[in-house]
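Here's the structure, in structure tokens; my notes come after.
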Amino acid sequence: MTSDNRTGPPSFGSEREMLRAFLDYHRATLAMKCEGLTDEELRQRSMPPSTLSLLGLVRHMAEVERAWFRRVFEDSDAPMVWSDKIDFQAAYDASESTRDEAFTAWEAEVRHSRRVEQEAHSLDLAGYQPRWGEEVSLRMVMVHVLLEYGRHNGHADFLREGIDGTVGA
């Protein structure tokens, strides 16, 4: 990690502004954890038998963004990015992946998610979560995805430290 160019969330703002800012902050954190590493380093696994790697986390978060924004609010039949069925674990196996492949997919899903959120008239917008068979609000989706990033950025901290000793945000 060469520098911290993230924009920190504001101390004050509307609920929507805060959710948006914290989500973007965590997205930027994942990207920052991957800065300056080669494809091989990004594919480095945590420990056997786990397939968890930084690149696997990026791929997984592309699936999360798609599953919670695209599939819930626009196309419940949209295929997953790296599996033919709903299998979030498939994304973790990045053994044949590259930075370009993973980040291109993730960044496309993030752009799509941002568009869905920005076009919504309210956080109360209801979408259909096909895996649960029920409607959920945009508010719930944003909180859920934010929690996913928070959990996985903790994994990214340990993975990065194991690769080159870099610690901290």
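Under the Karplus relation 6.51 cos²θ - 1.76 cosθ + 1.60, θ = phi - 60°, what is the ordered set of whole-Hz ³J(HN,Hα) values for region 103-114, x standing for Gly and Pro?
With the stated coefficients, region 103-114 comes to 5, 4, 5, 4, 4, 5, 5, 5, 4, 5, 4, 4 Hz.
How much FRET efficiency would the formula 1/(1 + (r/R0)^6) give for Ser50 and Gln118, where r is the Cβ-Cβ distance and R0 is 30 Å, rounded to 0.05? Show your work: numbers first, answer last.
Working: r = 36 Å, r/R0 = 1.20.
E(calc), rounded to 0.05, equals 0.25.
I'd like the accessible area for Thr166: 1.4 Å probe, protein heavy atoms, all chains in place, Å² to the nearest 10.
Accessible area, nearest 10 Å²: 30 Å².
What's the ranking of 66-73, 25-32, 151-158 by average number of surrounding C-beta atoms within 10 Å, highest first? Intermediate results must be reported in sequence, preceding the final value.
Numbers: 66-73: 22.5, 25-32: 18.8, 151-158: 16.5.
Descending mean neighbour count gives 66-73, 25-32, 151-158.
Once you keep just the Cα pairs under 8 angstrom separated by 6 or more residues, what percentage relative contact order results for the chain? Mind showing how you got there, number by number?
Numbers: 212 pairs, mean separation 46.6, N = 169.
About 28 percent, as a whole number.
Taking the 0 to 90 degree range and rounding to the nearest ten, how far is the long axis of helix 54-65 tilted relative to the main principal axis of the chain, both from C-alpha atoms?
So the inclination is approximately 10 degrees.
What number, in percent, do you get for the relative contact order of region 32-110 if the mean sequence gap of Cα pairs under 8 Å and at least 6 apart is divided by its residue count? Write down the numbers at each step before the final one.
Numbers: 90 pairs, mean separation 29.6, N = 79.
Relative CO of region 32-110 lands at 37 percent.
Mind pulling the angle between the C-alpha long axis of helix 15-34 and the longest principal axis of the chain? Nearest 10 degrees, somewhere in 0 to 90.
For helix 15-34, the angle is close to 20 degrees.
Under unit Cβ charges (Lys, Arg +1; Asp, Glu -1), what dipole magnitude, rounded to 20 debye, does the chain have relative to its Cα centre? Display every interim value, and only then the final one.
Numbers: 20 positive and 30 negative charges, 57 e Å.
Around 280 debye, computed over the chain.
Give the accessible surface of the chain per residue, rounded to a whole number of Å², with probe radius 1.4 Å and ligands, DNA and RNA excluded.
On the way: 8570 Å² over 169 residues.
Result: 51 Å² per residue.
Report Rg/Rh for the chain, rounded to two decimals, where Rg is the Cα radius of gyration and Rh the Kirkwood radius. If you can, show how the numbers build up before the last one.
Values: Rg = 15.9 Å, Rh = 16.5 Å.
Result: Rg/Rh = 0.97.
I'd like the carbon and sulfur percentage of the solvent accessible area for the chain, probe radius 1.4 Å, heavy atoms only, ligands and nucleic acids excluded. Could the numbers behind the result be given before it?
Details: 4350 of 8570 Å².
Ligands and nucleic acids excluded, carbon and sulfur give 51 percent.
With every protein chain in place, what's the accessible area of Val110 (1.4 Å probe, Å², nearest 10)?
For Val110, the solvent-accessible surface is approximately 10 Å².
The values are calculated or read from the model by the stated rules, or taken from the named source; none is laboratory data. Bear in mind the structure is a predicted one, so any value in this text is a computation, not a measurement. FYI the Cβ positions are ideal-geometry reconstructions off the backbone, even for glycines, and counts take in every protein chain you see. For the accessible areas, the whole protein counts, side chains as well, though only heavy atoms, and no ligand, DNA or RNA atoms are used. Shrake-Rupley method; radii C 1.70, N 1.55, O 1.52, S 1.80 Å.
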